[in-house]
Amino acid sequence: MIQSKTGKPVRFEITETTRVYLERWIGDPEMIGLEFLWPSRIHGSPHLSTRQYARIVRGWVTSLGLEPGAYGTHSMRRTKVAQIYKKTGNLRAVQLLLGHTKMDSTVRYLGVDIEDALSLSEGIDL
């Protein structure tokens, strides 16, 4: 997948089991020749709309018995990078993954506060 803002490839981390299922799905004769993994059923559009994707996610969340208002397509994007930041403290990596051109945007997006920034800086000896 290519990140739309930067034009650079984005790597996804998936389990081996998920990889096997995806390979089977993509190799399905009905999928061969299609440009999109989730083609639209509407003739004027080659892929799912963001709205339809949001409906699908809402259905998944509801089927799991979770509160649909607490989960969405954007919150999933934010959660992944927040976890990466929490584990690594690497704001630059998160900035690249998000496609932000300014670090300020990434800091605001993650909600990094001054205490986080200070604790990170204290952990680095120069």
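Throughout, read-outs are computed from the coordinates displayed, never taken from laboratory work. Keep in mind it's a predicted model, so treat the numbers as computed, not measured. Here the Cβ positions follow ideal geometry from the backbone for every residue, glycine too, while neighbour counts run over all protein chains shown.
Of note:
- Charge dipole (Cα centre; +1 on Lys/Arg Cβ, -1 on Asp/Glu Cβ; no other charges) of the stretch 73-122 amounts to roughly 360 debye.
- Efficiency of FRET from Cβ geometry, His47 and Asp104, R₀ 30 Å, rounded to 0.05: 0.40
- Modelled FRET efficiency - R0 22 Å, Trp25 with Arg78, Cβ distances, 0.05 increments: 0.25
- Counting only lysines at least 8 places from Lys86 when in the same chain, those with an alpha carbon closer than 21 Å to its own are Lys102.
- Debye, to nearest 20: dipole size of the stretch 16-64, +1 on Lys, Arg Cβ, -1 on Asp, Glu Cβ: 340
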